[in-house]
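The values are calculated or read from the model by the stated rules, or taken from the named source; none is laboratory data. Model, not experiment: these values are computed from the prediction. Every residue, glycine as well, gets a Cβ built from its backbone with ideal geometry; the counts of neighbours run over all protein chains shown.
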Amino acid sequence: MIHYAIGIDASYAAVGWAVVKSTGQPEVLMSGALGFRKDQRAEEKLPVIVSQVAELFRQILAVLPDEPVQPAMTPAAFTVAIEQSWHGKNARVASQLAELRGALIVVAFEFCSMVKRVTPGEWQSAAGIPRRAKRATVKKQSQHIATLREGRTAGMSEDEADAINIAWYAAGKIRMGRKA
């Protein structure tokens, strides 16, 4: 049986996304990042981001092949895994990211029946990145691991790399029959 995991790494600067096919060994099918204007406030960006992510889901569904899927996953043949928001001690930024994440969860539920949250610690640990690694180390290792998984040599943003690793983690959990 086949299942797809769509990983989302959301922020107001960019939304990284990736689609991973889950059969045996996970396989990255496509990935990218949607970038947004820096000169706008979060309140102005939110409807733009929501609209573009909804269009992205439509495009992804249009190109996924019609293949038998896990019966438990119906009506949708995929799960959306969204990274849990976190941002240190800055309450305003944490609140804005939580609002964005909530809006994207609503969009995801329009297209599928399974939406999972993935903490940074979960996907980083599964990728072999040390728990207490510094941000620069996490960024470098995430991009290295994602390029190996996708087979690309360069040109990957941090947001796209994180989304690949989030989707890969979720696909492995789904494939093994456990919740992500």
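General remarks:
- Scanning the stretch 124-143 for residues that are charged (D, E, K, R) and in a loop (DSSP other than H, G, I, E, B) returns Arg131, Arg132, Lys134.
- Of all residues making up the stretch 78-98, the number that are in contact with a helix residue (DSSP H, G or I) (Cβ under 7 Å, 6 or more places away or on another chain), more than 15 Å from Leu56 (Cα to Cα) and either hydroxyl-bearing (Ser, Thr, Tyr) or not in a loop (DSSP other than H, G, I, E, B) (or both): 3
- Number of residues in the stretch 81-110 that are of a type in the set (Phe, Trp, Tyr) and modelled with pLDDT under 85: the value is 1.
- Any hit, the stretch 106-121, residues being over 15 Å from the mean Cα position of the chain (by Cα) and of a type in the set (Asp, Glu): yes
- Test result for Ile174, modelled with pLDDT of 85 or more and of a type in the set (A, V, I, L, M, F, W, C): no
- Condition met for Lys116 (in a strand (DSSP E or B) and farther than 16 Å from Ile60 by Cβ): yes
- Restricted to the stretch 27-59, and to residues there that are of a type in the set (Gly, Ala, Ser) and under 13 Å from Ala13 (Cβ atoms), the residue that is surrounded by the most Cβ atoms within 10 Å (Cβ to Cβ) is Ala33.
- The residues in the stretch 145-173 that are within 22 Å of Val115 (Cα to Cα) and of a type outside the set (A, V, I, L, M, F, W, C) can be counted, and the count is 7.
- The residue that is modelled with the lowest pLDDT, among those in the stretch 60-71 that are surrounded by fewer than 11 Cβ atoms within 10 Å (Cβ to Cβ) and either in a helix (DSSP H, G or I) or under 17 Å from the mean Cα position of the chain (by Cα) (or both), is Pro71.
- Subset of the stretch 144-166 [assigned to a loop (DSSP other than H, G, I, E, B), hydrophobic (A, V, I, L, M, F, W, C) and touching a residue at least 12 places away in the same chain (Cβ under 8 Å)]: Met156
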